[in-house]
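One structure below.
The values are calculated or read from the model by the stated rules, or taken from the named source; none is laboratory data. Since the structure is predicted, the reported quantities are computational estimates derived from the model, not experimental observations. Cβ: placed from backbone, ideal geometry, glycine included. Neighbour counts: every protein chain shown. Note: accessible area is taken over every heavy atom of the protein model, side chains too, but ligands, DNA and RNA are not part of it. Shrake-Rupley method; radii C 1.70, N 1.55, O 1.52, S 1.80 Å.
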Amino acid sequence: MSIVVEGQTVEGTLRAEVGVARLDAASSRAFKNEIDSLWNDGVSAVELDFSKVDFIDSSGVGALLGVYKRLPQ
């Protein structure tokens, strides 16, 4: 099952839709791996669509912080 349903980079912005109801310990590793596969050197911003997400635990927050830390400062 794919965690990131849709993902593409448009003009430096990685836009992705999170396609699970729970971003938790069970799904956060797959989320990180899928974001890694979408990431390229041209990414300077990230937009995530959480419209399908009902719950985020500390593992999910950690995965999101990992995405944030990869962005250029």
Kindly provide the set of residues from segment 10-53 that are among the hydroxyl-bearing types (Ser, Thr, Tyr) and either in contact with a Cys (Cβ under 8 Å, 6 or more places away or on another chain) or within 18 Å of residue 69 (Cβ to Cβ) (or both), ordered by number.
13, 28, 37, 44
Filter segment 36-73 for residues that are touching a helix residue (DSSP H, G or I) at 6+ places or on another chain (Cβ under 7 Å) and closer than 18 Å to residue 21 by Cβ; the one that is surrounded by the fewest Cβ atoms within 10 Å (Cβ to Cβ) is 59
Hey, which of the strands (runs of 3 or more DSSP E) in the chain, taking only ones fully inside, have at least 3 residues that are out of contact with any Lys or Arg (no Cβ under 9 Å at 6 or more places or on another chain)?
13-18
Only one of 26, 16, 21 is open to solvent by 70 Å² or more (accessible area, probe 1.4 Å) and not charged (D, E, K, R). Can you tell me which?
26
Restricting attention to segment 21-55, the residues that are touching an Asp or Glu at 6+ places or on another chain (Cβ under 7 Å) and over 17 Å from residue 7 (Cβ atoms) number exactly 5
